[in-house]
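The values are calculated or read from the model by the stated rules, or taken from the named source; none is laboratory data. Because the structure is predicted, anything quoted here is derived from the model rather than measured. Backbone-built Cβ (ideal geometry, glycine too); neighbour counts: all protein chains shown.
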Amino acid sequence: MNRPCLSASWRINMVSSIRPMDKNYLRMKHIVAVDIGTSSTKAIALDLNGKIIAEHYVSYPIISPRPSYSEQDPEILFDAVVTCIAQVSKLMKIKYEQLDLLGVSFSSAMHGLIAMDSNGKPLTNCIIWADTRSESFAEHLKGTSLGHDIYMNTGTPIHPMSPLCKLGWMRQHMKGVFEATDKFISIKEYVFYKLFGEYVVDYSIASATGLFETLTQKWYGPALEIAGIAADRLSTLVPITHALTTLDARYAEKMQINADTPFIIGGSDGCLANLGAQAVRNGVASVTIGTSGAIRVVSDKLVADHKERIFSYIISPEMFVLGGAVNNGGNILRWFQDGFVASKDQPSDKSLPTAFNLLTKEASSVNAGSDGLIFLPYLTGERAPHWDASAKGVFFGIQMHHQRAHFIRAMMEGIIFGIFSVGKALEETAGELKVILASGGFARSDLWVQMLADVFNKKVYVKESVESSAVGAAIVAMNALQLIDGFILDDDEFVPSIAAFDPNKENHAIYRENFGTFERLYEKLKDEF
């Protein structure tokens, strides 16, 4: 496998860069795409050939005031959005004499919930996907006929991640806040409300709430009833190509853009990652591993899994994303680095670029299969395919010959095993996976991508830009601005591949055996969790 030199790039709190282009290209027609993620917000400027020409990142913390609580300050995330757009605008103006910003488009993390009062002020932080405080509510609903009906109609598994379960918990445990709430919204809805004074939510984010009926593209009555709310306490539903052009002048000035610039609402990070990688054809799966991870395919028809293992989300009425997300990805290596590697002589830095390079380099010294050491990666519970918020992390098979490098490699392999568990359910439901497109932070690591190819026994391609969700948002903007038809591009030029990984048959045989143990361990231990 030949691959250009791509060192891992785990950026620190605020990082900007601009990439060189033809000096004669003075009038830049470009789109800014913003991805509001769990650990950071990213803004990229792309030309109409799909080349990233400027970018800026702002990272921020997760707030955990109690065990099982995971929140973020919505105002900090909003400020990150404004800062990222402003910095990209500044970079573009430094580089080019004239600018032609065609639009700003958005991707964001799913499953967040913010309670807003009648004056448009937040009553809560944003309760994010990783929050499991509503586990008891989810457990009571899951396995019932009503829970199954909600899953089959909304495509969202019954799990504490979903706003449906968060609302059920809030109704019981935060009655004062629940009753005082005028609107229940996500982080992207908060951003658009601040910028435009309107509550709007795209179909893609809505379809991950457990409150949205996928086939009708309307709020789902039985889900609203169990949540204890009416539809008027939720935002107005709009397609992912919906654009607003009445930007608050104060923020237009801060972002250094025209107030009439179209802001396209875009979709969820998961759905847009498939668009951004152009994993949109039959048998082509997108695997993303950043803080967490996911595997997804695109279908032209809605498919539900009667075993309730995967999600079914909507991009448009003609395009659906099927798959599953896992809770545990790069966050596990961060946990290990902070708790077991960093010392007084080597301070912990979750964004330190060399930390992950050193960990993966150390793991490469160990054979595939980690010499029998197996890791269940459920440090923050698990979503797909088990939807078990109580699941725990486990190292199994530890012996005297296992060194630190074995533990690092076993963690990396365990994360891939978790993705493979979802892939198996996806193949049973949606058909054979023929090829995989990799994106996200892990795609910068040859070792980790090779593991993916070996475990799945499939060829894996890495795209030029690992920022697939933001690139997907740009593709939505191009469609909304009538620059392209549909969301499927005709060739590989807009989102080119830069590397291909063929599976190693010997490694696959080892992984197949270890994965069998991995599956049996979960089944044997789940009651103990």
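Below is a table of values for the structure above.
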| read-out | value |
| --- | --- |
| Among (1) closer than 20 Å to GLY283 by Cα; (2) touching a strand residue (DSSP E or B) at 6+ places or on another chain (Cβ under 8 Å) - the single one GLY486 does not satisfy | (2) |
| Of all residues making up segment 188-200, the number that are surrounded by fewer than 24 Cβ atoms within 10 Å (Cβ to Cβ) and aliphatic (A, V, I, L, M) | 2 |
| Residue match in segment 260-277 (condition: free of Cβ contacts under 8 Å to residues at least 60 places away in the same chain, part of a loop (DSSP other than H, G, I, E, B) and either among the aliphatic types (A, V, I, L, M) or in contact with a helix residue (DSSP H, G or I) (Cβ under 6 Å, 6 or more places away or on another chain) (or both)) | no |
| All positions within segment 287-314 that are assigned to a strand (DSSP E or B) and either among the aliphatic types (A, V, I, L, M) or farther than 22 Å from THR154 by Cβ (or both) | VAL287, THR288, ILE289, GLY293, ALA294, ILE295, VAL297, VAL298, ILE314 |
| Any hit, segment 150-157, residues being over 30 Å from ALA243 (Cβ atoms), in a helix (DSSP H, G or I) and not hydrophobic (A, V, I, L, M, F, W, C) | yes |
| Unique match (being more than 27 Å from SER497 (Cβ to Cβ), among the acidic types (Asp, Glu) and modelled with pLDDT of 85 or more) among ASP35, ASP73 | ASP73 |
| Residue that is farthest from LYS188 (Cα to Cα) [pool: residues in segment 97-118 that are buried (at least 20 other Cβ atoms within 10 Å of the Cβ) and of a type in the set (Ser, Thr, Tyr)] | SER105 |
